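Some notes on the structure that comes next.
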Amino acid sequence: MFKQHLQKLGDQHLLRRLRTIASATGPTVILEGREVILLSSNNYLGLATHPTVVEAAIAATRRYGGGSGAARLVCGTLTPHEALETALARFKGTEAALTFAAGYLANIGVIPALIGKDGLILADRLCHASLIDGCRLSGATFRVYHHRDMNHLEQLLARRTSGKPTLIVTDGIFSMDGDIAPMKDIAQLAERYGATIYVDDAHGTGILGPTGRGTLEHCGVESRVPYHMGTLSKAIGSAGGYLAGSAAFIAYLVNTCRAFTYTTAPPPATAAAATAAIQVIEQEPDRRARLWQNRERLAQGLTRLGFRLAASESPILPIIVGDPDRAMNLAQALIDQGVYAPAIRPPTVPPATSRIRLTITADHTDEQIDQALAGLERAGRTLNLI
Ligand SMILES: *Cc1c(COP(=O)(O)O)cnc(C)c1O
């Protein structure tokens, strides 16, 4: 049965396999014995390998050990967890914050804590899988609106049974497309129709907005959205998810959220690394500037070469290829050219939109970007994509 299933996936060019990288997640990595330029990590600011972050993780491990020993509500809340939540609340400008072992767990835990069977969820069609899973787990009626389509969202809001608790769910930066949710318009609709907003800012946290607080800061609506969700696993360079909001909201989650309660607290090292990374974000704004410069260099180069890019506004730059086998061929041609950016295929993206999702970081040099563009050009030509 397993083999049959795998055979079927293989026939559809949808089989996946794990590839091991034998180095840190820097601008270049060692893949199967060769050094390649990495253009697929979400370590946007290079903080996963920042010396301050690495040293903080080592120091926390020395002092507090490799694991936390228990769930947060038993005896797993160690000083580094508390310090991280204090730092996050200060960074996000909220009363309190709560961290989860993963962004995935935050979404599947918090959405069901916010809305139940009697509620309605309206979600963007391109929402991250963890949001979809959270929505399904909640048991609420679940409808999708066309991607970033405010007319469609308004229609669904206007049509619902009056008085039905409603949650609007969206990514901040869309993870596979790199465009940004129209948060001002969403906030306006939410206010007009009495709905609540849940924004997953996994990719915006640390990189968007004048101080890096994310998509809501970028769109000028922080105060209009009562709580903010993001991850510590992308620009923050560690692991975990977070919610920032009022003290009452955070205490409510501590008391109701199963994905918080029934799992062991993350290792002290990941909490300490995230705290150090938030400090670096505050102290080294140049990293953010460098990230956006690099993003422009890569985006302009790709456009000049004639690649068909998605409508990205972020360091996520997808080259839409279409069929999964073509995306696989491009990914392999890129590896041959010394560039690592795997194919993203259904069900991660809608059918016929298989792609190479390129991402750039603050740590890539101009030379590395130009070298990657030369590799992309050769690979694109070989496959008649440009
Ligand atoms: C990566 C991601 C998550 C999951 O976060 P993890 O910390 O990796 O579990 C959730 N939402 C979005 C939009 C993501 O891109």
query: What do you reckon, is LEU291 touching a Cys at 6+ places or on another chain (Cβ under 9 Å) and either touching a residue at least 40 places away in the same chain (Cβ under 8 Å) or away from the ligand (no atom under 16 Å from the Cβ) (or both)?
result: no
query: Does TYR227 count as over 17 Å from LEU216 (Cα atoms) and either in the same structural domain as ARG62 (by TED's automatic domain parsing) or buried (at least 22 other Cβ atoms within 10 Å of the Cβ) (or both)?
result: no
query: In segment 262-310, which residue that is of a type in the set (Phe, Trp, Tyr) and surrounded by 14 or more Cβ atoms within 10 Å (Cβ to Cβ) is farthest from ALA202 (Cα to Cα)?
result: PHE307
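Residues LYS234, LYS164: which one is of a type in the set (Lys, Arg), within 22 Å of ARG357 (Cα to Cα) and not in a helix (DSSP H, G or I)? Full working, then the answer.
Details: LYS164 fails: within 22 Å of ARG357 (Cα to Cα).
Going through LYS234, LYS164 in turn, the sole match is LYS234.
Residue by residue, here is whether (1) part of a strand (DSSP E or B); (2) within 19 Å of THR275 (Cα to Cα) holds:
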{"position": "GLN4", "(1), (2)": "no, no"}
{"position": "VAL29", "(1), (2)": "yes, no"}
{"position": "ALA59", "(1), (2)": "no, yes"}
{"position": "LEU84", "(1), (2)": "no, yes"}
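Looking only at residues that are part of a helix (DSSP H, G or I) and without any contact (Cβ under 8 Å) to a residue 12 or more places away in the chain in segment 294-312, which one is farthest from LYS234 (Cα to Cα)?
Filtering segment 294-312 down to residues part of a helix (DSSP H, G or I) leaves 294-305.
Next, from what is left, pick out any that are without any contact (Cβ under 8 Å) to a residue 12 or more places away in the chain: 296, 300, 303-304.
On the way: GLU296: 20, GLN300: 24, THR303: 26, ARG304: 28 Å.
Across segment 294-312, the extreme among qualifying residues is ARG304.
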Flag if LEU73 is within 30 Å of PHE142 (Cβ to Cβ) and of a type in the set (A, V, I, L, M, F, W, C): yes
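Please go through segment 146-176 and pick out each residue that is of a type in the set (Lys, Arg), touching a residue at least 24 places away in the same chain (Cβ under 8 Å) and away from the ligand (no atom under 16 Å from the Cβ). Before the answer, list the steps.
So the first thing to find is which residues in segment 146-176 are of a type in the set (Lys, Arg), and the list is 148, 159-160, 164.
Retained after the next criterion (residues that are touching a residue at least 24 places away in the same chain (Cβ under 8 Å)): 148, 160, 164.
Hits for segment 146-176 are ARG160, LYS164.
Matching residues to (1) surrounded by 23 or more Cβ atoms within 10 Å (Cβ to Cβ); (2) assigned by TED's automatic domain parsing to the domain that holds LEU167; (3) more than 16 Å from the ligand (Cβ to nearest atom); (4) among the small types (Gly, Ala, Ser):
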| residue | (1), (2), (3), (4) |
| --- | --- |
| PHE100 | yes, yes, no, no |
| GLY103 | yes, yes, no, yes |
| ALA106 | yes, yes, no, yes |
| GLY109 | yes, yes, no, yes |
| ILE132 | no, yes, no, no |
| VAL144 | no, yes, no, no |
- line: Being at pLDDT 95 or above, touching a strand residue (DSSP E or B) at 6+ places or on another chain (Cβ under 7 Å), in the same structural domain as THR215 (by TED's automatic domain parsing) and part of a helix (DSSP H, G or I) narrows ALA259, ALA244 down to just ALA259
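The values are calculated or read from the model by the stated rules, or taken from the named source; none is laboratory data. If you're wondering where the values come from, they're calculated on a predicted model, not measured in any experiment. Note that we place each Cβ from the backbone using ideal geometry, even for glycine, and neighbour counts take in every protein chain shown.
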